[in-house]
């Protein structure tokens with residue numbers, strides 16, 4: 001089945017032992033026009049029956065299930081020949097790290113809100129090659145790139161800036177380009193408005209102990225969100241294996257620490273290959 005815009009629709013499996021929570025999850029998924037069918041399961045046995053009998057594009061599962069936990073279900077699904085991505089739906093925010101350790105695509109806190117579920121669907125589409133970036137008109141050639149980071153990541157981000165500059169990209173990084181005699185926040189907002197891309201460089205300390213996005217990232221992300229559609233595009237960049245903050249889960253990220261991480265980033269920024 002296809003969606004109204006002609007793109008292939010998604011079949012989702014919703015798994016939760018609590019009937020009320022399951023219906024909230026199903027309702028939220030059905031509100032997304034990209035989801036053309038939602039299957040229900042009240043436990044792992046029922047979920048596995050669905051998975052073994054019909055094609056499923058994404059599984060949204062609670063972490064607390066009878067028979068097997070959601071984490072164990074994810075491991076079983078991952079061993080399948082054509083394993084669909086897993087999104088955990090949980091009441092416990094501290095489950096996020098464990099979710100990523102078992103290869104989950106995303107995690108959503110209960111009650112699952114349609115807008116938050118839509119961000120997970122964005123990421124499912126990205127996995128299928130329909131990246132969020134494809135929905136935004138991209139200017140030809142590199143434009144100014146704004147780099148922001150958490151407090152512990154200045155040195156690796158400086159190295160990334162130097163590499164981008166060597167590739168001919170105009171960059172703005174507060175540690176290098178901000179005027180020390182002026183308030184920083186207005187400079188950040190103005191620089192974001194002048195930039196085509198915002199690179200939100202994520203490290204292990206990108207989220208504070210209270211769950212908030214690090215201030216060095218938060219101001220820039222909020223400024224990017226405030227821009228008109230197509231004006232500024234945000235790309236989360238993981239500097240090391242770590243969870244993506246929920247605030248950034250809407251966008252498809254780049255893993256800079258992998259062998260081809262910088263090449264993927266360069267492709268996302270439309271930087272032509274040298275030579």
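Taking the centroid of alpha carbons for each part, the stretch 154-196 and the stretch 5-47 are 42 Å apart. Among 262, 107, the order by Cβ neighbours within 10 angstrom, fewest to most, reads 262, 107. Of 214, 225, 259, the sequence from fewest to most neighbouring Cβ atoms within 10 angstrom is 259, 225, 214. Residues 33, 53, 21 in ascending order of nearby Cβ atoms (within 10 Å, fewest first): 53, 33, 21. Spin-label model, residue 50/residue 242: points 7 Å from Cα along the beta carbon direction are separated by 3.4 nm.
Read the figures in this text as sums done on the coordinates, not as results from a lab. Note that the coordinates shown come from a computational prediction; the quantities given were computed from them, not determined experimentally. A quick note on method: Cβ atoms are made from the backbone with ideal geometry, for glycine too, and the neighbour counts reach across all protein chains shown.
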